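Values in this text are rule-based calculations from the coordinates and carry no lab data. All values derive from a computational prediction rather than experimental measurement. All Cβ positions, even for glycine, are placed from backbone atoms using ideal geometry, and neighbour counts span all protein chains on display.
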Amino acid sequence: MSDRSCLTIILAAGEGTRMKSARPKVLHEIAGLPMVCHVAKAAMAAGGGDVAVVAGRGAEDVGNALAASGIVAETFIQAERLGTAHAVLAAREAIARGHDDLLIVFGDTPLVEPGALGEARRLLGAGNAVVVMGFRTQDPTGYGRLVERNGRLVAIREDRDCSPQEKAIEFCNGGLMAIDGRRALALLDGIGNANAKGEYYLTDIVEAAVAAGFPVAATEVAQDSLMGVNNRAELAEAEAAWQRRRRRALMLDGVTMTAPETVHLSHDTEIEPDVLIEPQVFFGPGVSIASGATIRGFSHVEGARIAAGAEVGPFARLRPGAELGEKSKVGNFCEVKKAVIEPGAKVNHLTYIGDARIGANANVGAGTITCNYDGYSKFFTDIGAGAFIGSNSALVAPVRIGEGAYVASGSVVTEDVPDGALAIGRARQTTKEGKGSELRERLAAARRKAGK
Ligand code: UD1
Ligand code: CA
């Protein structure tokens, strides 16, 4: 990236009424991350420098959402929605600090890619005063058209201000722009609102720059990366597009997905090469998976670290704080929360492990439950390396099972078990010879008597 300084301005004062939501539009999420954060991250990846966000309703929430994703942004409020140029000027104070580059992006355009923003900045560096990100479409209705003369961009005309000839233009304005930061204020201040909508259009900056004799340029970007979200159906479309793009990137990086269209990723899902993801897997935020691990079908994984060669599922649920060691196994209908499963340990069937450590190579039998909660507080269960927990045991925390210890099936363990010890915590079985047949006869007679 160049050493030119940059200010990114995110326009986020959209009314968002078509979302029919109490939340500002740009805080609706794609892959678990607010749209405005996707946009900010793309800008940062393009060397976006300082970030200013122009918001309307819910400005404080927008600032907080950015901060929560580690993005330091200055928030400006556009009280009245008088157009995109007016919105940019709400950040006048930031612009006046005089950056080399100004990137203008929309908070409701979450699929924008760093490459396009970087290319726009490169063209600024090459001497252009304004760079417009455009796309071509056979259905340009509604978009601003990029009007060219002798192959040079000379103006952007909004759809409702177009002449019939201009309406036929298929090269459209994607909305995002890069502007020479030293010239921006003078150009923006010259923009009026004499148009069909009576708004101050950012797009008029092109004509203003051309009139002032500054070079301007348009770059062509894939239309789907400029998709704007106005309602929840479009939000779902953007989500689907994001998921497709991210899954493809992971597969090209060496991740196997048997049925990729059924895998749902989060914005921060990290998966190393040679991981196998079977069909129907959901990843919530905070998941990382190391090389050689397998996630079997229908697993729900969130806030979990999965080490090399581990196996999860089918039908497993990993909740925040689950840490699976190398070659460990969490099998079907198991739930793991805030627990370390050390290397080689196995939790294979129908088990709940919460607030616990399962030592290396320990084996936890089917139906085992760590009773970690008494209705008021959570308690810890510690299982030593190589321990064996018999099926259907209840480990009542706080409790410690020693290294190599053995817990008999069906035990309710309330006291610590020392290393190498055997614990049996259940009623002793009594067996009564012949009593089974006797019982059957008595029951059958009772039924006959009742006439059934
Ligand atoms: C804009 C472009 C149009 C382009 C289209 C691409 C202008 C004038 N027009 O049109 O050329 O083809 O995007 O999708 O820029 N906003 C504010 N405050 C305002 C007005 C808008 O913050 O006063 C924000 C909106 O929240 C939105 C963005 O600016 O994120 C674009 O505004 P919008 O009204 O959607 O512009 P379009 O009519 O779609
Ligand atoms: Ca729009």
| When ARG447, ARG319 are ordered from fewest to most other Cβ atoms inside 10 Å of their Cβ, what list results? | ARG447, ARG319
| request: Along Cα→Cβ, 7 Å out, is where each label goes; now give me the distance between the ones at GLN138 and LYS432 in nm to one decimal. | output: 8.4 nm
| said: Suppose every Lys and Arg Cβ carries +1 and every Asp and Glu Cβ carries -1, with no other charges. What dipole size does the chain come out with about its Cα centre, to the nearest 20 debye? | reply: 2140 debye
| message | Can you tell me, using C-alpha contacts under 8 Å and at least 6 residues apart, the relative contact order of the chain as a whole percent? | response | 8 percent
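Quick check: net charge around PRO285, other residues with Cβ under 9 Å of its Cβ, Lys/Arg +1 and Asp/Glu -1?
-2
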| message | Using 0.36 nm times the number of residues separating ALA241 and ALA168, minus their current alpha carbon distance, what extension gain do you get? | response | 23.5 nm
| message | Principal axis extents for the stretch 286-327, Cα atoms only, whole Å, descending order, please. | response | 20, 19, 11
| note | Cα-Cα longer than 30 Å, checked against LYS41/LYS197; LYS329/LYS378; LYS20/LYS197; LYS25/LYS329; LYS41/LYS329, kept in input order, equals LYS41/LYS197; LYS25/LYS329; LYS41/LYS329
| request: For every other residue with a beta carbon closer than 15 angstrom to the beta carbon of TYR373, add +1 if it is Lys or Arg and -1 if Asp or Glu, then tell me the sum. | output: +1
| note | Mean 1/r over distinct Cα pairs of the stretch 268-343, inverted to a Kirkwood Rh in Å, yields 11.4 Å
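May I ask you to derive the FRET efficiency for ARG182 and GLU74 from their Cβ-Cβ distance with R0 = 30 Å, giving the value to the nearest 0.05?
It comes out at approximately 0.95.
At 0.36 nm per residue, minus the direct Cα-Cα distance, what do SER377 and ARG23 gain on full extension? Give it in nm, one decimal, please.
Roughly 124.1 nm would be gained on extension.
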| Beta bridges by DSSP in the chain, antiparallel share as percent, to the nearest 5 | 20 percent
| Selection from MET19, PRO418, ALA85 lying farthest towards where the dipole of the chain points positive, charges on Cβ | PRO418
| task | Rounded to the nearest 500, what is the 222 nm mean residue ellipticity of the chain from helices alone, with -39500 (n - 2.57) per DSSP H run of 4+ residues and division by all residues? | result | -6000 deg cm²/dmol
| said: Need one number for the stretch 1-157: average projected area of the convex hull over its C-alpha atoms, nm². | reply: 10.3 nm²
| Separation of alpha-carbon centers, the stretch 125-189 and the stretch 359-378, rounded to whole Å | 62 Å
| Summing Lys, Arg as +1 and Asp, Glu as -1, what charge do residues with Cβ under 13 Å from the Cβ of THR75 carry, THR75 excluded? | -4
| message | Looking at the stretch 123-168, I'd like the Rg to Rh ratio, where Rg is from alpha-carbon atoms and Rh is Kirkwood's inverse mean 1/r. | response | 1.01
| field | Principal axes of the stretch 1-43: Cα extent on each, largest first, Å | value | 43, 22, 11
| query | Any idea what diffusion coefficient the stretch 225-289 gets from Stokes-Einstein, in µm²/s, Kirkwood Rh on alpha carbon pairs, 10 °C, 1.306 mPa s? | reply | 128 µm²/s
| said: Need the C-alpha centroid separation for the stretch 266-331 versus the stretch 388-452, integer Å. | reply: 35 Å
| What share of all Cα pairs of the chain, in percent, falls into each consecutive 10 Å distance bin? | 4, 18, 21, 16, 13, 11, 8, 4, 3, 2, 0
